[in-house]
Amino acid sequence: MSEQVLDALIVGAGFSGIHILSKLRKLDFNVKIYESGGDLGGTWYWNRYPGARVDSETPIYQLSEEKEIWDDFEWRERFPGRQELMRYFHHADKKLGLSKDIHYNTTVTDAEYDNSKKQWFVKTSNKGLSTWANHLILCTGFASKRYTPPFNGIDSFKGQWYHSGVWPENGVDLTGKRVAVIGTGASGVQIIQEIGPQVKHLTVYQRTPNLAIPMRQCFLGEEQKSLWKFPDKARYAEIFENLKKTFGALVIDMDFTEKKFEDSTPEERQALYEYLWNYGGFSYWLSTYKEIFHLQEANDEVYKFWCDQTRARLTDPKKRDLLAPVKAPHAWGTKRPCLETSFYEVFNQANVDLINVRESPILSIAENGVETEKEGVVEVDVIVFATGFDSVTGGILNINIKNGAGLSIQDKWKSGTATYLGLSSAGFPNLYWFYGPQAPTAFSNGPTTGTIQGNFVVDLMVKMRNENKRSVEAVKEAEDEWVKELKELWYNSLFPPTDSWYQGANIPGKLREPLNYFGGIPEYIKALEGCAEKGYEGFIIE
Ligand code: N01
């Protein structure tokens, strides 16, 4: 079953996918979305684990250009939970009629470019559904390929086990159960603090402490809105514009301080840290000193502040040393700092144990529990793998993508990911991706980055339509230049020594390389605008 030729096929119905769908439709392009899930929402469709909520606050974390959506949508929480986010996506659907152009439960498996037609042929897992498309736009997100470590014996486990990224739709009743959680990233932190008070016994397997900071979550009643200085809707358009002038598009009315770390007194710095600590949210830490990510001394000071605050919340000396060690496990912020509400207090409960898998590695999953070197088998009823994703590149590389010469993107990127402007790759015409490799992705607000990149591609498609052009392809030299700039930014920061998904270090065997652009949103916009103003310099359009 093959559809007519589409102007564009979009893969994925999260923020980026629905923004470009709606924008292209308004310009009379013939466009569809293929989506693996059974509903809108992208990452929020799949991440249904207990306590799932976003770490970016209202009103930042939403589509900004679709006034039809935000104008009459009321967020109820400062940091919206998964249900609230799904309510937003359903509201968006009602307003924009998105679903009529979305094929759900449709996973794109293959895409092959035909040089003579100048079109992509796309195959799916859905009863042979396939299509030709002039442009292929991957909105697969940075965390769609789940990672479960290949522990021995996993198939022999007689209880239930789940990955955080594909939690059962109807939930899992963990009341009174013995549960193991492996992993303490953003997903693990949220799961642990949510289920700790419910379960009979919880054993947490930690490899690296998460340097988590308080969320200061609240419901948005009128009183709280005034307390937290929530902006009036009349200011939304201005706020959305201002966001694009800040490093990560993650904070309202703030950015990195003008004043340098070394030009501030220790008292001034302490006062700023305390203010941000009490305000909540990690995004605001991108509003202190740029030097935190470049100067070890600045980073050490922030770590010490974090450590002192956090250690004071923990009662058990052994857990305190594991969760908030005096010596930093890595430079603060070089691995995603997560937000928490009661994560540390949960470890003060008698029913919660913490195992350091660096000292006592997991040997196997036994039929009745998790076996580690020192503890032997800890018996559990349920195991939760909060072990993350083959991030940033995984969603793209999951699809068998081949260019007109038969070269796969997997082969092209074997010795290093190579993109131009973090949204296209030489040798692969009419193919784009958003919120993926070599863009500001991990250091930015998803809806903003997806919108900026989407608008760039929409303008390019309009130009091509007006000029009767049919193919656009990044030039290898332009790509080399982008990768060089990206690497210079990365290797001049404190990020490289830290094992994180920011550089592929969380997946055994994955090439360690900078996967995100650390130049900030304003510089990224400048690069895109500069390219467009110079007639899409770095692309060949034919
Ligand atoms: O995944 P992660 P995540 N043995 O990769 C551990 C976004 N997100 O799903 O740190 C033992 O961060 C691993 O240990 P280590 C957000 O951007 C956002 O939590 O590698 N442990 C780590 O503790 C986030 O950063 C939100 O040493 C093993 C954990 O598993 C990104 O998604 C919520 C192991 C994986 O953590 C990914 O977050 C959720 C092994 N073999 C996600 N392998 C919000 O906005 C891995 N680990 C709130």
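Coordinate-derived values only; no laboratory data. What you see is a predicted model, and the numbers here were worked out from it, not measured in a lab. Neighbour counts run over all protein chains shown; Cβ positions are idealised from the backbone, glycine included.
Each label point is 7 Å from the Cα along the Cα-to-Cβ direction; what then is the distance between the points at Asn152 and Arg358, in nm?
According to this spin-label approximation, the distance is 2.4 nm.
On the Cα set of region 73-209, report Rg and Dmax in Å, please.
20.3, 63
Compute the acute angle (0 to 90°) between the alpha-carbon long axis of helix 296-311 and the principal axis of greatest extent of the alpha-carbon atoms of the chain; round to the nearest 10°.
Approximately 50 degrees, to the nearest 10.
Quick one: which residues, 5 or more positions from Val204 or on another chain, have an amide H under 5 Å from its amide H? H modelled 1.01 Å from N in the peptide plane, none for Pro or chain starts.
Here Val181, Asp353, Leu354, Ile355 satisfy the definition.
Which net charge results for the neighbourhood of Leu295, defined as the other residues with beta-carbon distances under 12 angstrom from its beta-carbon, given Lys and Arg at +1 and Asp and Glu at -1?
Once positives and negatives cancel, what remains is -3.
What is the calculated FRET efficiency for Lys463 to Arg216, with r their C-beta to C-beta distance and R₀ = 45 Å, to the nearest 0.05?
Result of the calculation: an efficiency of 0.50.
May I ask you to sort Ile541, Ile383 by Cβ crowding, counting other Cβ atoms within 10 Å and putting the fewest first?
Ile541, Ile383
Sort region 359-505 into rounded, prolate or oblate with this rule: let a ≥ b ≥ c be the square roots of the eigenvalues of the Cα gyration tensor; rounded if a/c is under 1.5, and if a/c is not under 1.5, prolate when a/b is larger than b/c, oblate otherwise.
prolate
Per the Kirkwood treatment, what hydrodynamic radius in Å, one decimal, follows for the chain from the mean inverse distance over all distinct Cα pairs?
Value: 24.3 Å, from the Cα pair sum.
Using the 10 angstrom Cβ neighbour count as an exposure proxy, how do His201, His90 rank, fewest first?
His90, His201
Search the structure for amide H atoms under 5 Å from the amide H of Asn400, placed 1.01 Å from N in the peptide plane, and list their residues when 5 or more places away or on another chain.
Asp110, Ala111
Whose amide H sits under 5 Å from the amide H of Val370, counting only residues 5 or more places off or on another chain, with H placed in the peptide plane?
Counting only residues 5 or more places away or on other chains, the set is Val378, Val380.
On a 0 to 90 degree scale, rounded to 10, what angle separates helix 186-195 from the longest Cα axis of the chain?
Roughly 50 degrees, rounded to the nearest 10.
What's the magnitude of the charge dipole for the chain around its Cα centre, counting Lys and Arg as +1 and Asp and Glu as -1 at the beta-carbon? Answer in Debye, nearest 20.
In debye, rounded to 20, the chain gives about 860.
Among bridges DSSP assigns within the chain, what percent are antiparallel (round to 5)?
40
What angle do you read, to the nearest 10 degrees and between 0 and 90, between the alpha-carbon axis of helix 15-26 and the longest principal axis of the chain?
For 15-26 against the chain, the angle is about 20 degrees.
Bins of 10 Å, beginning at zero and ending with the bin holding the largest distance: percent of Cα pairs per bin for region 154-385, please.
Per 10 Å bin, starting at 0, the Cα pair percentages come out as 7, 27, 30, 22, 11, 3.
Given R₀ = 56 Å, FRET efficiency for Lys534-Gln83 by Cβ-Cβ distance, to 0.05?
E(calc), rounded to 0.05, equals 0.75.
Going by how many other Cβ atoms sit within 10 Å of their own, how do Lys526, Lys335 line up, fewest first?
Starting with the residue having the fewest Cβ neighbours, the order is Lys526, Lys335.
Rounded to the nearest 20 Debye, what is the dipole magnitude of region 71-211 about its Cα centre when Lys and Arg each give +1 and Asp and Glu each give -1 at the C-beta?
Using only the charged Cβ atoms, the result is roughly 340 debye.
Determine the calculated [θ] at 222 nm for the chain from helices alone, applying -39500 (n - 2.57) to every DSSP H run no shorter than 4 residues and normalising by the residue count; nearest 500 deg cm²/dmol.
For the chain, the value works out to -8500 deg cm²/dmol.
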